[in-house]
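Working notes, beginning with the structure itself.
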Amino acid sequence: MPATHAPHPADPPMMPAPLRVLMADDHPIVLAGMKALVAADPGLDIVGEARDGRAALQLAKDLRPDAAVLDIGMPGMNGLEVALALRTEAPEIRVIILTVHEDRAYLRQLLEAGVSAYLLKRSAAEELVRAIHAVAEGGLYLDPAIAGKVVGAAARSTPHGPLGAPAELSERETEVLQLLAEGHTSKEISSRLSISVKTVETYKARAMDKLGFKSRVDVVRYAASRGWLRDRGA
């Protein structure tokens, strides 16, 4: 009888590579705490750490991580200066700023510098890992405790009132836009609303087109003007 061979088991599905993260803070205890939060997520890999801005910038250029988590108040170069340098020298790196300050001027400067996330240190235990995943997928993440107060104040001060008009959006477009403003990734929105990621992107694009928005900063301003972010951060 001819020899028979057991079928080879199917190859296991390929797991996505962990996101590569650089951490920088001049306080050793704070840095250790932030690293512990990130290291606990199997989807994240800490590839370097620094305790001052110049070292953080050099490591970022050498290692090319997916995301850099930077303290705003580091010696040598502060987080804003590092973010501005990376915008020119390594624009693909998503920058997450950690701060203890709920400072409106800092937030505006950082958004203009291309920072992808602004996070209060007191929120880091709950929000840091989520923020890293959000910005790695191209999102903008603002700490929910300050987004409404900081961005909403600017929206309320405009002479023409809140951006956009609620009646312009369908119910589903509104849901997608609100979740996007809160920092959820397209994958998370897909899961929450039980629709495909492609459908999420369609609703997002349609809503932004209706309101004339060009960036996620516009989406956050709109969400703040509607009160969505203030409600969540209250």
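Since every read-out is calculated from the coordinates, none of them should be taken as a lab result. Bear in mind the structure is a predicted one, so any value in this text is a computation, not a measurement. Every residue, glycine as well, gets a Cβ built from its backbone with ideal geometry; the counts of neighbours run over all protein chains shown.
If packing is taken as the average number of other Cβ atoms within 10 Å across a peptide's residues, how do 18-24, 61-67, 184-190, 35-41 rank, most packed first?
Ranked by mean Cβ neighbours within 10 Å, highest first: 18-24, 184-190, 61-67, 35-41.
For ILE46, what residues show an amide H to amide H distance below 5 Å, using hydrogens built from the backbone and excluding near sequence neighbours?
Amide H to amide H, under 5 Å and 5 or more residues apart or across chains, ILE46 pairs with VAL21.
Can you give the FRET efficiency for GLU102 and HIS27, using 1/(1 + (r/R0)^6), R0 = 30 Å, r = Cβ-Cβ distance, to the nearest 0.05?
According to the calculation, E is roughly 0.95.
Show which lysines lie in cross-link reach of LYS61 when reach means a straight Cα distance below 22 angstrom and same-chain residues fewer than eight apart are skipped.
LYS35
So if I take the alpha carbon set of region 19-142, get Rg, then get Rh from the Kirkwood formula, what is the Rg over Rh ratio?
Checking Rg against Rh, the ratio lands at 0.91.
Taking every alpha carbon pair in region 38-101, what does the distance histogram look like in 10 angstrom bins from 0, in percent?
Cα pair-distance distribution for region 38-101, in percent: 23, 56, 20, 0.
What list of ³J(HN,Hα) couplings, whole Hz, do you get for region 200-205 from phi and the Karplus terms 6.51, -1.76, 1.60, once you set θ to phi - 60° and write x for glycine and proline?
4, 4, 5, 4, 4, 4
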